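For reference, the structure is listed below as structure tokens.
The values are calculated or read from the model by the stated rules, or taken from the named source; none is laboratory data. This structure is a prediction, so every number in the text was calculated from the model and none was measured. So basically every Cβ, Gly included, is an ideal-geometry build from the backbone, and we count neighbours across all protein chains shown. Heavy atoms of the whole protein, side chains included, go into the accessibility calculation; ligands, DNA and RNA do not. Shrake-Rupley method; radii C 1.70, N 1.55, O 1.52, S 1.80 Å.
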Amino acid sequence: MKLARPKQILVKLQSGGRGASESGTIGASDAMLVYEPSVRNLGDAQERTPASQSLSSQTALMGLETREVAFQSDFRGSGDTSVPGMTAPDWEKTMLASGFRAATVKKVPLTSISGGGFQIGEKVSKDASNWGVALNATSGATADLNVAIVEGDITSTGTLTGASSGTTGTIGTVAAADCNAYRPWSGTLLTIATGAWTGGAPSLAGGQTMGLVTRSGAVVGAIRAVADNSAGAMTNFDAEPVWGVIANGDVVSFAGATKTATLSSTPTVKAGAVATIRANRGGYAQDATDAQGTWSLEGRAGESMVFSWTFTGSKGSHADLLPVSATGVDTATKAPRMLGAIVGIGFGNQFYRMPIKSVTVTPNNQISQDLNANATSGSDGGEIIDRGVEIRLTVNAAGTSFDWQTLKSASSPVRFGLQLGSSTGNIVGLCAPVAQITALEESDSDGIATYDITLRARGQTINGEDEFYIWAR
């Protein structure tokens with residue numbers, strides 16, 4: 001895949017969520033090295049054709065205006081070898097603004113490992129209530145396993161068991177992993193800090209979860225509280241925005257406005273982020289605000305993998321500004337290539353590292369404009385309304401000892417895992433712990449018989465948000 005004309009764009013997550021543009025604060029520290037950036041300014045024109053004998057039209061009225069920013073970037077780590085405290089990859093912000101959130105990952109030291117080794121993407125558990133997904137493979141009698149927690153927690157002591165491989169290992173002292181991993185998230189979650197409550201703190205257990213947001217005497221939004229982080233005081237809590245905006249200094253009220261408190265700081269976005277993105281094109285700094293996006297990640301054997309991002313948001317500022325000087329942009333870390341990689345399909349107790357020619361991954365996010373007549377642009381920006389993580393493979397048709405046809409027809413679950421690189425700070429990977437083969441076509445790759453396989457990632461639990469993981473470490 002051709003990558004040309006490296007350019008700089010600025011990406012900043014909006015700390016106050018929707019309606020809280022960062023156009024006034026975005027700067028050099030928000031720079032990201034990308035390739036082939038493009039900006040499209042889209043708008044609805046309301047044609048006005050008068051009833052007359054003439055076919056002429058009047059001047060159209062311009063309605064909703066949106067801005068789309070597209071670009072490419074490398075699938076790479078940060079290059080930081082600090083342990084603990086490894087810096088996140090440069091694609092973290094764009095991933096969080098694409099319907100993903102940070103995953104909780106634990107480093108689990110294992111001794112007395114028995115079996116064939118833990119496999120990328122398999123379910124690993126301490127017991128029925130405490131389990132997660134393996135983000136690397138192991139070999140030998142001792143190893144460190146990075147585990148993305150799905151339910152409960154993995155704590156020190158006890159035995160870890162691989163649900164597919166049957167491998168077991170004795171758990172040592174567990175620590176937070178130096179692995180920046182991300183998983184899908186369907187909504188938006190804010191962490192809100194307030195001062196003391198007038199009328200007493202709301203009781204989530206008592207059903208007092210719906211709150212209104214008031215600013216200068218007018219109701220400007222609504223929230224639903226989902227978790228109290230302050231032991232009943234509700235001075236720090238997580239909430240989902242229902243509509244409108246919320247910012248530092250706003251008043252939140254619950255229980256029919258009998259319990260009120262004032263925000264003491266700007267809410268932080270815990271999941272479901274939106275971004276302000278600035279691209280300097282044609283001599284102008286063009287901002288897309290309240291933007292959310294989708295992406296595809298593609299690579300062939302021998303090449304690095306490349307993200308293609310597309311973000312849609314409200315049409316923000318359009319100013320004659322020079323690009324900022326961004327000396328901190330990482331131009332040294334090279335994306336690991338698909339050479340000596342771990343790429344394969346898991347089925348039953350085996351992980352098949354079969355000859356794979358190419359891999360393409362996309363969440364297939366569908367983005368809709370959240371219309372709002374109170375907003376200057378007529379919209380609160382782009383909002384992800386659906387997704388379906390899809391993995392497409394081209395694999396040799398012969399010599400795989402793998403019956404794709406039967407697995408597809410039987411809707412048999414498989415696993416997919418990928419890891420590139422071997423140097424700390426520049427190891428990247430992804431996995432789908434449960435996937436379904438939905439399409440199988442015969443194809444040709446430079447005269448070699450191949451299959452084009454389509455996998456769809458499926459949720460492991462009824463709550464979902466656990467069908468796919470992508471990481472850098």
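So, in Å, what gap is there between the alpha-carbon centers of region 403-473 and region 298-364? One Cα centre to the other: 16 Å. Pairs of Lys residues in the chain are counted when their Cα atoms are under 20 angstrom apart and they lie 8 or more places apart or on different chains; the count is 15. Accessible surface of region 135-192, 1.4 Å probe: 49 percent of it comes from carbon and sulfur atoms. Spin-label model, D144 to A88: label points 7 Å out along the Cα-to-beta-carbon direction sit 2.1 nm apart.
Share of carbon and sulfur in the accessible area of region 90-133 stands at 46%, probe radius 1.4 Å.
Extension gain for T331-E151 works out to 61.0 nm (0.36 nm per residue, less the C-alpha to C-alpha distance).
Is the shape of the chain best called rounded, prolate or oblate, per the rule: a/c under 1.5 gives rounded, else a/b larger than b/c gives prolate, else oblate, with a ≥ b ≥ c the square roots of the Cα gyration tensor eigenvalues? Oblate.
Computed in the context of the full set of protein chains, the accessible area of region 373-473 at 1.4 Å probe radius has 41% of its extent on carbon or sulfur.
Once the 1.4 Å probe is applied to the protein heavy atoms, region 15-148 comes out at 44 Å² accessible per residue. Dividing the mean sequence gap of close Cα pairs (under 8 Å, 6+ apart) by how many residues the chain holds gives a relative contact order of 17 percent. Classify region 261-315 from the C-alpha gyration tensor, please: rounded if a/c falls under 1.5, else prolate or oblate depending on whether a/b exceeds b/c. Note, shape of region 261-315 comes out oblate.
At full extension, Y284 and S186 could sit 31.9 nm farther apart than now, given 0.36 nm per residue minus the alpha carbon distance. Using the Cβ-Cβ distance between Q58 and V242 with R0 = 25 Å, the FRET efficiency computed as 1/(1 + (r/R0)^6) comes to roughly 0.05.
Shape class of region 127-177 from the Cα gyration tensor (axes a ≥ b ≥ c, square roots of the eigenvalues): rounded, since a/c falls below 1.5. Working from Cα pairs under 8 Å separated by at least six residues, relative contact order for region 133-258 is 19 percent. For the pair D127 and L440, label points projected 7 Å from Cα toward Cβ lie 4.1 nm apart. For region 233-283, the per residue solvent-accessible surface stands at 38 Å², with DNA, RNA and ligands left out and a 1.4 Å probe. With the cut-off at under 18 Å, measuring from each backbone N in region 430-454 to a point 7 Å along the Cα-to-Cβ line of T461 picks out 432-435.
Relative contact order of region 345-408: 36 percent, from C-alpha pairs under 8 Å at least 6 residues apart in sequence. Projected label points at A410 and T198, each 7 Å from Cα along the beta carbon direction, are separated by 6.6 nanometres. The magnitude of the dipole of region 246-375, with charges of +1 and -1 set on the Cβ of Lys/Arg and Asp/Glu and taken from the Cα centre, is near 460 debye. Rounded to the nearest 500, the helix-only mean residue ellipticity at 222 nm of the chain stands at -500 deg cm²/dmol, with each DSSP H run of n ≥ 4 adding -39,500 (n - 2.57).
With R₀ fixed at 41 Å, the C-beta to C-beta distance from Q350 to I385 puts the FRET efficiency at about 0.60.
Overall, the chain carries a charge dipole of about 360 debye about its Cα centre when +1 sits on the Cβ of Lys and Arg and -1 on the Cβ of Asp and Glu, all other atoms neutral. For I120, I342, the ranking by accessible surface with the largest value first comes to I342, I120, using a 1.4 Å probe.
Straightening the chain between A176 and T258 buys 25.4 nm, computed as 0.36 nm per residue apart minus the Cα-Cα spacing.
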